[in-house]
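Asks: Sharing a structure below in C-alpha cells format, with a few things to ask.
We did not get these values from a lab; they are worked out from the coordinates using the rules stated. All values reported here derive from a predicted model rather than from experimental measurement. Glycine also receives a Cβ, built like all others from the backbone with ideal geometry; neighbour counts cover every protein chain displayed.
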Amino acid sequence: MRHHSHPAESYFQTWARLLTTAAANAALYHPQHRQVLRLNRQTLEALQKIFAQQGSLTVKIIDEQVIFADQPVMNNLSVERLQNALTRNGISHLHIEPGIYAEELLGLVNILSKNPDIQTNISDSEHIAYGRVAIRYQQTAGRSAPVLDLSDIVGFEADRYMDIYDRVKKKQKLELSGIEEIVSGFINAFNSQSEAFLAIAPLRSMDEYTYTHSTNICMLNLAQAKVLGIEGQLLNDIGIAAMLHDVGKMFISPEILSKSEQLNEDEWRIMQQHPRLGAEYLINTPGVPRLAVVTAFEHHMRYDHQGYPQTTQPWPQHLASQMTAISDTYDAMRTHRAYEEALELDQIMAIMLDLAGTKLHPQLTYSFLQVLSGFDKNTPDQNNIC
Ligand SMILES: [Fe+2]
Ligand SMILES: [Fe+2]
C-alpha cells in the first residue's frame, strides 16, 4: 500500500492504541473501571496533541483502509483494531472537535467496546460526529445482504409523505417543511440508530412508487454522499432532491404507472415526460432547492449522454443526478416485482459494474458498490473487539 508518512501519524497511532486499549478494558471490566478511566484520560491527551497539529481529527474508513488527515495510515495492530471496531459498528466516518471532554470520549470508548449485536445508540455528541450508515441485514439464500429499504420509518413520517404527494396530485401547494423534516430524520438516522427506526414493522404495505421508492433513493443517495464526505446543507439538499426526483410521475396516468407489462410506444413517450414535468413543477414551487429541480430533470440522463430528456448539446449531469441514476438502477433491480425474481446482490453488483462507464458514472458506481460490499463483508459477527 502506498504510504506517505505524516507528521501527525505517530500521534494518531498512539491515539488509536490508547483508544482501542481503553475499549478492550471497558469490555473486560466495566466502563467506569479505573483502568478504563485512566486510559480514557491518556486517550484524551493523545487527542490534544493531534488537535495541536491538525485542528480537529477526522478518521475515515475507505475500502478497509484507515484514512487520517486525508492519508492512508500505516496498518499496525492498533490501527487494525480501530478499523475493525469502527466497521463493526457501521461507522465509516469519525470526526472529533477540540473541546471534547473525558465523559464524551468515554462514550466513544463504550461504543467501540460493545458487541454490535447489543444495540448501542450511536449518536453525535457535542464534539463527536459519527458518519454511520444505517443498514440492516437480511438473510437471502443463506447469506446476509444489506438492506437499505427504509420501510421501517416511523408512521407519522410516512403519513406526512403520503400527504405531500396527495397535495401534488391535487396540484395544491407543496409543503416542503414536511420533506425537510423527513430528510433530516434520515440524516439523523444515519448518525444514530434510533430505536424508532428499528422498531417499526419490517414491511409497510404501501404503494411502492409513492413511498418506498423515494425513501429508498433518498437513503441510497445519502449513503453515497456521506461516503464522499458530503455534509451540511448540500447533504440536506441531496436528500430533498432524492425524495422529489420522481415527483413528475404524479402527472402521469396511474394506468401507465402501474402497468406491469411492457409499455407500448405511446405510453413510453408519455412516461418519459416525467423528468420534465417534475422539474417544471418544482421550479414553480417556492422554497424547493434548485438541486431538486436539476435532479428531477436529469435523473434519467446517462453518463454516455443517452437517456432522456434528449438534449441537443451534451449535458453535464449534476453529481446528485448521477447518484440518483445509480440508486435508481440499484433499487429497480433490488425491488421485488410480482412477475420477476428479485436479483441476488452479487448479480446486481455484476450488472452495475457492467453499466459503470456507459449508463452510470464509473467512479461513483465503484464507490456505491464499495459501500454495499463493505457492509456485506463486515456483517456483524461474534468476533471479540481485541
Ligand atoms: Fe424517474
Ligand atoms: Fe426513480
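Asks: Across 10 Å bins from 0, what is the distribution of all Cα-Cα pair distances for segment 9-132, in whole percents?
Replies: Pairs per bin, as whole percents: 14, 51, 33, 2.
Asks: Could you work out how much longer the chain between residue 315 and residue 259 gets when fully extended? Use 0.36 nm per residue separation minus the Cα distance between them, nm to one decimal.
Replies: 17.1 nm
Asks: Still on this model: At R0 = 30 Å, how high is the FRET efficiency between residue 124 and residue 285 if r is their beta carbon distance? Nearest 0.05 is fine.
Replies: 0.45
Asks: Return the distance in nm (one decimal) between the two label points of a simple spin-label model at residue 350 and residue 71, each offset 7 Å from Cα along Cα→Cβ.
Replies: Here the modelled spin labels are 4.1 nm apart.
Asks: With each label point set 7 Å from Cα along the Cα-Cβ vector, what nm distance links residue 56 and residue 30?
Replies: 3.5 nm
Asks: Label 7 Å along Cα→Cβ of residue 269; segment 304-322 residues with amide nitrogen under 20 Å?
Replies: Residues passing the 20 Å test: 307-312.
Asks: Averaging the inverse of every distinct alpha carbon separation and then flipping it gives the Kirkwood radius. What is it for segment 209-343, in angstrom units?
Replies: 15.4 Å
Asks: Which distance in Å, rounded to a whole number, links the C-alpha centroids of segment 208-278 and segment 14-88?
Replies: 40 Å
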